[in-house]
């Protein structure tokens, strides 16, 4: 760190009065973030000594809450923690990697129940690799369907906006252009092309509707 002192005789700093007291290079602190490979020294020392982490410590390092850890435990994603002599819940050190694996798998579309089943099989010595691959393939297929539906919805909305702009340009200010009514008149949005987030009728309901036509 550089420390500078100066004297002000005429209101302006004098170059002669500048003295360099310290001239040491800046020191950059280690990143203590949850993804850093350098852990808090106290936690690291504890891991080396006992091989266990308290639930609060594990949650802080993994970037989750203690309630999330308990939820994962109830679902079978994490082993049951031991109890220390003073009653604290303590997880094995390798649980940290399990929590990170769970969070990553959830991010790409796996469900907690699917992961619980896969972990149970793997912890028993099994190799559910083909099932993992099959599940990922199913999720990709569903994602592609959703992308297709949303792309169709985007195109339909673009065409709808173009049509509405033409209606508005032909409508006097203060008059109704009947934009919403034009949806039913043109039957522009069919049930098959609704947003993937919109509620859908069941197959049986659709069949009854078809039989009445």
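Nothing in this text is a laboratory measurement; each read-out follows from the coordinates by a stated rule. All values reported here derive from a predicted model rather than from experimental measurement. Counting neighbours? That spans all protein chains shown, and the Cβs are built from the backbone with ideal geometry, glycine included.
Just to be sure I understand the curve: with the Debye formula and one point per C-alpha of the stretch 64-125, what is log10 I(q)/I(0) at q = 0.12 Å⁻¹? Debye intensities relative to I(0), on a log10 scale: -0.30.
Taking other Cβ atoms within 10 Å as a rough exposure proxy, 108, 132 sort from fewest to most as 108, 132.
By the count of other C-beta atoms within 10 Å, a proxy for reagent exposure, 167, 75 are ordered fewest to most as 167, 75.
For the pair the stretch 81-95 and the stretch 109-176, the centres of their Cα atoms are 40 angstrom apart. The mean sequence distance of close C-alpha pairs (under 8 Å, at least 6 residues apart), as a share of the length of the stretch 80-193, puts its relative contact order at 13 percent. Percent of alpha carbon pairs in the stretch 97-187 separated by more than 19 Å? Roughly 61 percent, rounded to a whole number.
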